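Beneath this line is the structure, given in structure tokens, with notes to follow.
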Amino acid sequence: MDTLIKNNTFIDEDKINDLISKKTVLKERANEILNKAMLANGLTLEESAELLNIEDEEILEKLFKAAKIIKEKIYGKRIVLFAPLYASNVCTNNCVYCAFRRDNKNIERKILTPAEVVEEAKAIMRMGHKRIILLTGEDYKDTGLDYLQEIMDRIYKAKELNGEIRRINVNIAPLSVEDFKRLNTFGIGTYQVFQETYHKETYVKVHPSGKKANYEWRLEAMDRAIEAGINDLGIGPLFGLADYKFETLATLMHAEYMDKIGVGPHTISVPRIEHAQGVEFSDNPPAQMSDRDFKKLVSVIRLAVPYTGMVLSTRETPQLRREIIELGISQISAASQTNPGGYHVYKSATSQFKTGDNRSLEDMVVELCEHGFLPSFCTSCYRVGRVGRKFMEHAKTGHIHTYCEPNALATFKEYLLDYAAEKTKLLGEKVIAQHLTEIEEPEMQELAKKQLNAIIQGKRDLHV
């Protein structure tokens, strides 16, 4: 494996460029690929490239429809909700697109104390969230593993009203194998790190200094995490730095490689560059893409790796989020603040980027319900060890919904009873009743009913 990593053969730029150069996609061939995709067994890189090259509107609509069907086949109508918690915006890197970049003198920086982090977590709890992703700037001195261990331990112990944070996913700088092993003892959910761009020439240009300037060190992060025993891993590019077709195919190459050496990605995120304070580059990125192409790439990823969760942030506008969620997204952030202290303790610190969807968690819950989705605050797979290969066994066969549906119903019931306004409760109860009838296995439907009744009686944190 060491030779494979050093030669960087799992990201084959020549192959990717050759595939995306083939512009003509015949309708018959596109239909053939989409018919194969409907089996939910994934697609080859070549087939994914052909779908990315579709320009015909009629075929595009078929692509979008297929993605929606496969998403619902694997994940149902559930949408998992979470919030980011930024503990710091101090960074030693100099990424040209990011507000946190070292040389940006036009921002207010802040490293939250452990006590302040807990106050932020409690503010998130008061909304009703049960899952967060913890982020810091890539500052190895003041926000290293000692700091991370302390704040995670404090967050897990904290309680607020009827709630707590049940799972902390982590997005921090790549680590050595030994440090990943230590991180894995902190009770993390998914470890997430973005390559930003897989196009090496572009990568070097946009990461001029700092430890992040080393393309290979970042690319090999998932190898080291897998070697360290971390089961759930999240990847993704930052769209806008290089051609979206290239980035999509490179992401799929990375996913295929991870699946071969250990376990495929638990999630693939699809962020796009947005305005960052004091960073002119962010307002005119070199590879901007249309919303139409964004919808296309989300659909292709969903068909290519149907087992993988897909994450959509609040970077996008409410209208586009409505459309994209339909095409394959299984997790969304809601009521996000992207600056340290932004929920409660220190609102003036600078955000990493401008968000496009600033609605409250309750507003998001209402919208999901109105569009037939089941809001979920579930963290059960992490709690019972259904992670890594065990999770993939269920996801790849389409059986993960057996567990997800009762757990989603239970956590949504908690939210309605503990946090929702009366009008939201009425709407949510109708959604619960509808989804309860759609559980196909009689024993699981009965279990879901028992869990719901127990929650009414005051029980919390029930899962299978």
Review point. Is it true that some residue in segment 332-354 is more than 25 Å from Phe186 (Cα to Cα), crowded, with 22+ Cβ neighbours inside 10 Å and modelled with pLDDT under 85?
Key: no
**Study point:** Filtered residues of segment 437-464 (kept if touching a residue at least 24 places away in the same chain (Cβ under 8 Å), closer than 18 Å to Glu164 by Cα and assigned to a loop (DSSP other than H, G, I, E, B))
**Key:** Arg460, Asp461, Leu462, His463
Check your understanding: How many of the residues making up segment 316-331 are farther than 15 Å from Leu81 by Cβ and surrounded by 22 or more Cβ atoms within 10 Å (Cβ to Cβ)?
Key -> 3
Point to revise | Any chance Gly342 is farther than 30 Å from Val305 by Cβ, touching a residue at least 60 places away in the same chain (Cβ under 8 Å) and either in a loop (DSSP other than H, G, I, E, B) or under 17 Å from the mean Cα position of the chain (by Cα) (or both) | key: yes
Review point. Hey, among the residues in segment 25-61 that are of a type in the set (Asp, Glu) and surrounded by 18 or more Cβ atoms within 10 Å (Cβ to Cβ), which one's nearest to Ala304 (Cα to Cα)?
Key: Glu47
**Study point:** Flag if Glu150 is more than 27 Å from Leu417 (Cβ to Cβ), out of contact with any His (no Cβ under 9 Å at 6 or more places or on another chain), surrounded by fewer than 17 Cβ atoms within 10 Å (Cβ to Cβ) and among the acidic types (Asp, Glu)
**Key:** yes
Review point. If Leu241 satisfies every condition in (1) part of a loop (DSSP other than H, G, I, E, B); (2) out of contact with any strand residue (DSSP E or B) (no Cβ under 9 Å at 6 or more places or on another chain) but one, which is the exception?
Key: (2)
Exercise for review: Considering each residue of segment 413-432, count those that are of a type in the set (Gly, Ala, Ser), closer than 15 Å to Ser376 by Cβ and either surrounded by fewer than 20 Cβ atoms within 10 Å (Cβ to Cβ) or in contact with a Gly (Cβ under 7 Å, 6 or more places away or on another chain) (or both), and give that number.
Suggested key: 1
Practice item. From the list Lys141, Lys157, pick out the single residue that is surrounded by fewer than 22 Cβ atoms within 10 Å (Cβ to Cβ), free of Cβ contacts under 8 Å to residues at least 60 places away in the same chain and farther than 23 Å from His344 by Cα. Key: Lys141
**Study point:** One residue from Leu320, Leu327 being of a type outside the set (Phe, Trp, Tyr), outside any helix (DSSP H, G or I) and farther than 27 Å from Ser88 by Cα
**Key:** Leu327
Exercise for review: From the list Tyr307, Tyr382, pick out the single residue that is crowded, with 18+ Cβ neighbours inside 10 Å and part of a loop (DSSP other than H, G, I, E, B).
Suggested key: Tyr307
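Residue-by-condition table, conditions (1) assigned to a helix (DSSP H, G or I); (2) among the acidic types (Asp, Glu); (3) out of contact with any strand residue (DSSP E or B) (no Cβ under 9 Å at 6 or more places or on another chain):
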position	(1), (2), (3)
Asp18	yes, yes, yes
Asn41	no, no, yes
Glu46	yes, yes, yes
Ala49	yes, no, yes
Glu58	yes, yes, yes
Lys65	yes, no, yes
Ile74	yes, no, yes
Phe82	no, no, no
Thr92	no, no, yes
Exercise for review: Among the residues of segment 345-357, write down those that are touching a helix residue (DSSP H, G or I) at 6+ places or on another chain (Cβ under 8 Å) and either closer than 16 Å to Ile133 by Cβ or not in a loop (DSSP other than H, G, I, E, B) (or both).
Suggested key: Phe353
Review point. Pairs under 8 Å by beta carbon, first residue touching a residue at least 60 places away in the same chain (Cβ under 8 Å) in segment 364-383, partner acidic (Asp, Glu) and not in a helix (DSSP H, G or I), six or more apart or different chains?
Key: Tyr382/Asp232
Practice item. Taking the options Val117, Val96, name whichever one is touching a helix residue (DSSP H, G or I) at 6+ places or on another chain (Cβ under 7 Å), part of a loop (DSSP other than H, G, I, E, B) and at pLDDT 95 or above. Key: Val96
Check your understanding: Which one of these does Arg389 not meet: (1) among the charged types (D, E, K, R); (2) at pLDDT 75 or above; (3) surrounded by fewer than 15 Cβ atoms within 10 Å (Cβ to Cβ)?
Key -> (2)
Check your understanding: Any residue at all in segment 276-297 that is under 23 Å from Thr317 (Cβ atoms), basic (Lys, Arg), in contact (Cβ under 8 Å) with a residue 40 or more places away in the chain and surrounded by fewer than 19 Cβ atoms within 10 Å (Cβ to Cβ)?
Key -> yes
Review point. So which of Ser376, Ser360 is touching a helix residue (DSSP H, G or I) at 6+ places or on another chain (Cβ under 8 Å), of a type in the set (Gly, Ala, Ser) and crowded, with 22+ Cβ neighbours inside 10 Å?
Key: Ser376
Revision key, fill the gap. Taking first residues from segment 25-42 that are over 11 Å from Leu303 (Cα atoms) and at pLDDT below 95 and second residues anywhere that are exposed (fewer than 12 other Cβ atoms within 10 Å of the Cβ) and among the aliphatic types (A, V, I, L, M), the pairs with Cβ under 7 Å that are 6 or more apart or on different chains are none
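The values are calculated or read from the model by the stated rules, or taken from the named source; none is laboratory data. These numbers were taken from a predicted model, which means no experiment stands behind them. A quick note on method: Cβ atoms are made from the backbone with ideal geometry, for glycine too, and the neighbour counts reach across all protein chains shown.
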